[in-house]
Amino acid sequence: MNFITDYKLEKYILDTKWEDLPEEVQIRARVCTLDLIMALILGSHGRQFKAGKEVARMLYKGGDSPVVGIKETFSVMGAVVAMSHASNSFDIDDGHVLICGHPGTSFIAGLMAAALDKNIDYKEFLTTMVVAYDTAVRNGLAAQKHYNYLHSTGAYGAVATCAAMGRIFGMNYKELNNAISIADFHAPLTPVMRSVEYPSMNKDGVPFGALVGAMAVYETLAGATGKKHILELDECNHYLDTLGDVYECMNIYFKPYTSCRWAHQPIAAVIDLKNTYNIEHVDVEFIKVHTYKAAARLSKIVPKTTDEAQYNIAYPVAAAMVHGDVGYEQVVEEALDDSRVLDMMKRLSFVVDPAMEEGFPAKRLAW
């Protein structure tokens, strides 16, 4: 196993300045911030965040680090833990098609906690966000290649969180390289397809990735040592060749619906048909969705929790037909016993279409 040690990633993370970024990237960074802050605010109303707060109270009392959504403060680690339980809570955060996950939510808790702790200015915050996106996506692509397995957000979130916090904490190249090695080694290799088929708060593994990434920074500052990370592998180092030229924050998508991205195409199609032809749910005899294999594997159970409603394909499509939207109000637990939506679920069927499958993951198509 051959490694390339040139600190290419670490130099990019630490040396990039706001003035280095093209104007379109600066604008995109602002938009990404708004999207992620709204995801945090919305998530602060969910049960997953409630659990995260309790963990922070049990393990990380003390400190004056604020948390989005509550007045209570914790240590920096406590703030990371609490906010990482909010950002992905309603599955409304951004995504990237090639890593099949959510890069922004993977590091926003660590970035926010460290930024507030060190009181950095907004340009430094936004620059750190840009380099964290680039780290998350490239680490995710490298992990897919190296392990030949689709890992979810928490896996690359550990490294991206480490990158963001390491920069804000003022690490040097060697220290950051060490911290990334620790984060990469201990990153949760979250089996995303299991969470797709059996939805729960396990979901994208965001809290555990953020925890590992933050821990890696503190481990390094405390003297723990690691060696080498996946992007230093000879087979993966080429993912760093475009640093400073290709900004991955430009390649993310924003989600209009509070559900897994793989369900968005049939949701959009149903809403379009409903609005174009003034169709009401009582007019519909059946809906047959042609899609790709991964989407067809999404849960179709009658949901009892918000997570089961989000990581589902039958429920949100049915909700779209009834309500004309799939937002917070459609996936909160109080809404899940709507008899109209549950009845519509019985009239849905899903088939794998070879033409749709051929385009995945670069395209997520359905009709």
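The values are calculated or read from the model by the stated rules, or taken from the named source; none is laboratory data. If you're wondering where the values come from, they're calculated on a predicted model, not measured in any experiment. We place every Cβ from the backbone using ideal geometry, glycine too, and count neighbours over all the protein chains shown. Note: accessible area is taken over every heavy atom of the protein model, side chains too, but ligands, DNA and RNA are not part of it. Shrake-Rupley method; radii C 1.70, N 1.55, O 1.52, S 1.80 Å.
Observations on the model:
- Protection proxy ranking, peptides 279-288, 88-97, 28-37, average beta carbon neighbours within 10 Å, highest first: 88-97, 28-37, 279-288
- Each of (i) 36, 23, 18; (ii) 52, 23, 17; (iii) 36, 23, 22 is a candidate for semi-axes √(5λ) of the Cα gyration tensor in Å; the one calculated from this structure is (i).
- Antiparallel content of DSSP bridges confined to the chain, in %, to 5: 55 percent
- A straight Cα-to-Cα reach below 14 Å connects Lys288 with the aspartates and glutamates Asp353, residues fewer than 8 places away in its own chain not being considered.
- Proximal charge balance of Ile41 [Cβ under 13 Å; K/R count +1, D/E count -1]: -2
- Between helix 103-118 and the chain: long-axis angle, C-alpha atoms, 0 to 90°, nearest 10: 50 degrees
- Note on Met250 and Asp343: the extension gain reaches 29.5 nm, defined as 0.36 nm multiplied by sequence separation minus the Cα-Cα distance.
- Annotation: amide H-H contacts under 5 Å for Val289 (H modelled 1.01 Å from N, sequence separation of 5 or more, or interchain): Ser349, Phe350, Val351.
- Percent accessible area from carbon and sulfur atoms, the chain, protein chains only, probe 1.4 Å: 54 percent
- Under a 5 Å amide H cut-off, with hydrogens placed 1.01 Å from N, Leu233 pairs with Ile4 among residues at least 5 apart or on other chains.
- About the Cα centre, charge dipole magnitude for region 319-367 (Lys/Arg +1, Asp/Glu -1 at Cβ), debye: 260 debye
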